[in-house]
Amino acid sequence: MYLLQRVFGCLGMLAALSASADAWAKQTSTESNQVGSVPAVYTSSPVAIPEHWPRDFADLSARLQQRAERLGIDYAELVIFNGQRELERVRLGQYQGDSSPALLSGQLSELLTALTVMQLIERGEWSVFDEVQQRLPQLSLNNPYAAEQPLLLLHLLEHSSGLDQRRFKSHFMTSGTRELPLLERLEREQSPLTVRWQPGDATRYSALNYGLIAAMLEHYKRRPWAEIVREQVVEPLGLDATLLGSAQAADIVVSGWHGLPAQRRPFRNRVMAESEGSWMSVDDLVRIGQHILSRGASNNPALLRADTLVNMEIPRSTLAADAGLGYGMGIGLDTRARYGLWRGRQSALDGYSMNLRYRAEQDIGYALVVNHESVLPALDELVWQYLAADLPLPNMRAGGVAVEQRWAGWYRLQNPEHALLAPLHSLFNLTYMQREGADLTLRPLLGLGASVPLRSIDGSRLAHRQDGSIVGVLFSDQTGQQKLQVHQDVRYKVTHWQALWPLLTFASAWVILLTNPFARADSLRHAWSRRFTTLATLCFLLAAFVAGSLSLEHASDDTWRSILLWLFSLLAPPLAFAGLLSNLRFWSTEPNTIARWRCLIASICASGLGIWLIYSGWFALRTWAW
């Protein structure tokens with residue numbers, strides 16, 4: 001993902017906004033291939049397996065090896081298991097070590113913390129309904145919704161707290177952060193930590209959630225997080241290769257890679273090691289997966305009771321969960337849907353990626369690790385195709401329950417991952433829901449994404465039409481606002497006017513600004529009235545262009561891109577305001593009525609964009625300090 005890249009990339013497309021909302025709603029688009037869990041209201045009789053799916057494990061291994069060679073993967077390993085034993089294993093790439101190496105586990109680190117916390121809850125020492133502020137009284141927390149909904153431990157466990165993702169400077173350890181205690185690192189991040197929406201309204205990943213949980217553990221136990229987790233989870237499960245917290249370069253057996261063609265990713269420790277900085281091998285993932293899949297029977301004694309492990313899988317903290325949606329983020333576990341609901345956790349970070357998935361109903365699971373940041377989905381697709389071939393695939397029955405007409409219309413994204421990008425999402429992340437009885441189709445604005453074909457099974461819960469899997473729900477919040485959740489995205493309903501007027505205004509402003517410099521040079525006596533506006537427009541464009549080439553994880557580096565972004569975002573608003581003041585100052589002295597009106601309107605547009613830049617928090621944006 002690239003910072004502000006949609007501003008620049010969407011300028012040309014916005015010229016097409018003269019089409020009506022109905023015309024937009026009828027655009028054709030490729031159907032999404034994302035599917036979800038199989039609801040009981042649909043049949044589960046086997047369907048024909050596509051010819052291109054792997055037929056047996058030897059076929060799967062050959063295809064994986066072929067794809068790994070084509071992608072230049074240095075090391076990858078797949079293990080298929082059930083609750084009692086390992087079933088199949090294949091290693092890909094050039095790595096020749098005897099044992100499986102430890103890779104950066106990223107968000108899978110949270111699962112270790114979640115298992116630790118659930119032990120405290122089972123013993124009655126903690127509750128999922130404990131208020132965070134009471135467990136961590138020294139924390140600086142700004143929750144504008146505290147009177148209606150205080151921030152609870154459950155919100156942190158299921159990433160429904162509303163906390164922003166960490167700042168750019170908090171990706172990697174530096175000399176200034178290496179020795180800081182966890183709570184100081186959190187407060188250095190943002191002080192106070194601010195809740196963006198009412199806790200429980202929506203789910204969105206933030207490394208701060210499990211960072212706070214780790215701080216709560218340290219405050220409660222008076223010991224470092226790594227010692228607590230090692231004693232309560234790592235050693236009992238026999239996770240021999242797991243390394244908690246910061247690693248040393250000598251510990252890295254296999255380097256991480258990114259991009260195509262693959263480039264080596266330099267090793268740097270993460271600031272939030274407690275939530276995304278641990279290292280695990282594929283064998284460690286298998287042991288964790290078997291423990292959950294067997295409901296604790298794979299380990300003696302079990303870490304947790306069977307009912308506790310089941311409850312960890314089911315989302316409970318959000319409004320969508322209250323409305324009956326079982327797809328989403330549980331406690332330390334998330335959901336992916338591939339011809340059935342697969343629980344587990346996935347990560348792709350700093351040159352490494354791994355995926356732990358299982359289906360308890362069929363007692364099957366797999367762990368896949370790759371020392372490349374972005375190619376895991378290409379291998380993962382073959383794995384679930386192979387596994388699905390041996391499982392009953394659902395057939396969707398005709399019918400469904402019609403949805404009321406009031407649900408059709410425009411929906412805007414409520415829960416962007418990063419607050420800094422929220423203004424862009426407000427403009428461009430719009431979806432139109434088209435209704436035909438029980439069938440619904442979500443069509444992104446201007447085709448910026450794949451359409452999602454859905455069917456209502458009971459008037460509120462929504463199943464993917466490809467296989468009948470429940471992946472969404474329609475619901476209303478406490479204020480009566482109509483909302484829609486599909487997968488992890490929560491959207492709220494807006495009118496046609498609320499959806500389109502910001503886009504039309506934005507597009508019109510850019511048409512005026514881009515044509516303003518080409519007016520006759522001698523049409524104004526005071527040429528600087530136009531030049532100020534032209535320079536402001538150029539700064540806006542250059543800021544968008546530089547931001548589009550600046551990755552979020554490297555925005556904290558004091559590079560020429562970061563400095564140019566700061567410079568252009570600093571100059572654009574003052575130049576725009578200078579153009580407006582110049583036009584007003586010399587208004588009465590300009591004889592050419594058309595030219596002065598055109599220049600005034602352009603300066604107003606530039607000033608409006610400058611105000612939007614300031615309001616969005618992008619004025620003089622020093623990304624290396626943000």
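Please report, in debye to the nearest 20, how large the charge dipole of the stretch 500-625 is about its Cα centre when each Lys and Arg carries +1 at its beta carbon and each Asp and Glu carries -1 there. Can you show the working numbers first?
Numbers: 9 positive and 5 negative charges, 107 e Å.
The dipole magnitude comes to about 520 debye.
Arranged from highest to lowest average of other beta-carbon atoms within 10 Å per residue, in what order do the peptides 59-65, 107-113, 91-97 appear?
Working: 59-65: 17.7, 107-113: 27.1, 91-97: 14.4.
The peptides rank, most packed first, as 107-113, 59-65, 91-97.
Can you find, among LEU524, LEU500, PHE568, the residue farthest towards the positive end of the dipole of the stretch 500-625? Put +1 on the C-beta of Lys and Arg, -1 on that of Asp and Glu.
Result: LEU524.
With unit charges on the beta carbons (Lys and Arg positive, Asp and Glu negative) and the dipole taken about the Cα centre of the chain, which residue among HIS372, ILE512, ALA214 sits farthest to the positive side?
Highest projection toward the positive end goes to ILE512.
Starting from the stretch 179-268, pick out the trypsin sites (Lys or Arg not before Pro) whose DSSP state is loop and whose Cβ has at most 16 other Cβ atoms within 10 Å.
For trypsin sites (Lys or Arg not before Pro) across the stretch 179-268 that sit outside H, G, I, E and B with at most 16 neighbouring Cβ atoms in 10 Å, the list reads ARG222, ARG268.
Relative to the longest principal Cα axis of the chain, at what angle does helix 496-515 sit, 0 to 90 degrees, rounded to 10?
Taking Cα atoms only, the helix is inclined about 50 degrees.
Tell me the relative contact order for the chain as a rounded percent, counting alpha carbon contacts under 8 Å between residues six or more apart.
Averaging sequence separation for qualifying contacts and normalising by length gives 19 percent for the chain.
Which listed residue (GLN482, PRO591, ALA419) has the Cα farthest towards the positive end of the charge dipole for the chain, taking +1 on Lys and Arg C-beta and -1 on Asp and Glu C-beta about the Cα centre?
Farthest towards the positive pole: PRO591.
With each pseudo-label sitting 7 Å past Cα toward Cβ, what's the ASP458-LEU260 distance in nm, one decimal?
Once both label points are built, they end up 4.1 nm from each other.
Using r as the Cβ-Cβ distance of ASP363 and SER508, and R0 as 56 Å, what FRET efficiency do you calculate, to the nearest 0.05?
Numbers: r = 59 Å, r/R0 = 1.05.
Plugging the Cβ-Cβ distance into 1/(1 + (r/R0)^6) gives 0.40.
Calculate the dipole size of the stretch 208-362 relative to its Cα centre from +1 charges on Lys and Arg beta carbons and -1 charges on Asp and Glu beta carbons; express the result in debye to the nearest 20.
The calculation lands at about 260 debye.
So if I place +1 on the C-beta of Lys and Arg and -1 on the C-beta of Asp and Glu, and nothing else carries charge, what would the dipole magnitude of the chain be about its Cα centre? I want it in debye, nearest 20.
Working: 57 positive and 58 negative charges, 459 e Å.
The calculated dipole for the chain is roughly 2200 debye.
Where the centre of each part is set by its Cα atoms, how far does the stretch 142-221 sit from the stretch 527-593, in angstrom?
35 Å
Classify the stretch 169-238 from the C-alpha gyration tensor, please: rounded if a/c falls under 1.5, else prolate or oblate depending on whether a/b exceeds b/c.
Note, shape of the stretch 169-238 comes out oblate.
Tell me which aspartates and glutamates have Cα within less than 15 Å of LYS493's Cα, excluding those fewer than 8 residues away on the same chain?
In chain and number order, the partners are ASP201, GLU404, ASP477.
Label points 7 Å out from Cα along the Cβ direction at GLN149 and ALA450: separation in nm?
With each label point 7 Å from Cα toward Cβ, the separation is 3.0 nm.
If r is the Cβ-Cβ distance from GLU381 to LEU581 and R0 is 41 Å, what FRET efficiency results, to the nearest 0.05?
The formula returns an efficiency of 0.10 here.
Please compute the modelled spin-label separation between GLN133 and ASP59, points set 7 Å along Cα→Cβ, answer in nm with one decimal.
According to this spin-label approximation, the distance is 6.0 nm.
Relative to the first principal axis of the alpha-carbon coordinates of the chain, what is the inclination of helix 376-388, with its axis defined by its Cα atoms, in degrees from 0 to 90 and to the nearest 10?
That works out to roughly 50 degrees.
On a 0 to 90° scale, report how tilted helix 282-293 is relative to the longest principal axis of the chain, with both axes built from alpha carbons and the result rounded to the nearest 10.
80 degrees
Here, each number is a calculation from the coordinates, and none is a lab measurement. Being a predicted model, the structure only gives us computed values, none of them experimental. When we count neighbours, we look across all protein chains shown, and the Cβ atoms used for this are built from the backbone with ideal geometry, even at glycine.
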